[in-house]
Amino acid sequence: MRKKLVVGNWKMHGNRASNALLLSGLKEAGPWTADVAVCVPFPYITETALALTGTQIAYGSQDCSAHEQGAYTGEVSSAMLADIGCRYAIVGHSERRAYHQESDQLVADKAKAALAHGITPIVCVGETLAEREAGQTEHVVKRQLAAVIHTLTHCIGEIVLAYEPVWAIGTGLTATPEQAQAVHAVLRQQLRAATQKADAMRILYGGSVKADNAALLFAQADIDGGLIGGAALKAADFSAICRAAG
Ligand code: PGA
């Protein structure tokens, strides 16, 4: 039985005051049966860590560098993130793939860098609306995952995978539980061919997950939790989703 995981992706939202409010709201709302984490903007990770001391809520970043260290202005290394206690790093979010031209290989290299420092990469894959309409969903997500499998080889079992259809992110359009499950099953099958740990790995769904659709999504055989954007910014909403994963 895989333990569910719910991860909040705050994206580029928040400030010190609003974060403090959100985090104290979450502390009051927990604990939950599921594993819970928040991935916050870089400048707020340390304060988040302090606020979450003694709670079950883990924390992480929304990206990491593929490089170990050096002259890479603006980059943040996995060693630095490990140094401040990050458990997770989201890599390959569709917003980074689209707005920062991140290739499948770069995403795989970032996942590798995170793992090298004991950080669990949450690797995002997902198709655009045009790709879905062209019948390419399977092809696209398998290609994105294949790069990670090829790069991580036997370590692939250590990642968390997140299926996030691009057309469902921040749009209010959610994949139906059946649509999501179908893709999760494809991904699980691909993982099975690569590692014996496939059935223990967590595959999260992301894309307009809300308190009122979370339970049905999480009830699907291969959906092991969620990666939550908009609904992670309000303690009551995020907490309800964490409860739905219990
Ligand atoms: P959303 O974002 O929940 O706001 O759709 C999900 C994500 O981008 O991870």
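The values are calculated or read from the model by the stated rules, or taken from the named source; none is laboratory data. Just so we're clear, the structure is a prediction, and the values are computed from it rather than from any experiment. Cβ sites come from the backbone with ideal geometry, for glycine too, and all protein chains shown count toward neighbours. The accessibility values were calculated without ligands, DNA or RNA, using every heavy atom of the protein model including side chains. Shrake-Rupley method; radii C 1.70, N 1.55, O 1.52, S 1.80 Å.
Structure data summary
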| read-out | value |
| --- | --- |
| Gain on full stretching of the segment that runs from Ser18 to Thr171 - 0.36 nm per residue minus C-alpha separation | 52.7 nm |
| Over the chain: helical MRE at 222 nm, DSSP H runs n ≥ 4 each giving -39500 (n - 2.57), nearest 500 | -12000 deg cm²/dmol |
| Rg ratio (alpha-carbon, reference 2.2 N^0.38 Å) - the chain | 0.93 |
| In sequence order, calculated HN-Hα J values of the stretch 225-234 (Karplus, 6.51, -1.76, 1.60; Hz; x Gly/Pro) | x, x, 10, 10, x, x, 6, 8, 8, 10 |
| Ranked by how many other beta carbons lie within 10 Å on average, peptides 89-101, 73-85, 117-129 from highest | 117-129, 89-101, 73-85 |
| Whole-percent carbon and sulfur share, accessible surface of the chain, 1.4 Å | 55 |
| In Hz, Karplus ³J(HN,Hα) per residue of the stretch 136-149 (6.51, -1.76, 1.60; θ = phi - 60°; x = Gly, Pro) | 9, 3, 4, 4, 5, 5, 5, 5, 5, 6, 4, 4, 6, 4 |
| Links that overshoot a 20 Å alpha carbon limit, given the list Lys110/Lys142; Lys4/Lys197; Lys27/Lys110; Lys27/Lys234; Lys11/Lys234; Lys4/Lys210 | Lys27/Lys110 |
| Convex hull projection area averaged over all views, the stretch 189-246, Cα basis, nm² | 4.2 |
| Mean separation of Cα contacts under 8 Å, 6 or more apart, over the residue count of the chain: relative contact order % | 23 |
| Binned Cα-Cα distances of the stretch 15-54, short to long, each 5 Å bin given as a whole percent | 5, 20, 38, 23, 11, 2 |
| Taking N as its residue count, the alpha carbon Rg of the stretch 72-149 over 2.2 N^0.38 Å | 1.19 |
| Mean accessible surface per residue for the chain, computed with a 1.4 Å probe while every protein chain stays in place, in Å² | 45 |
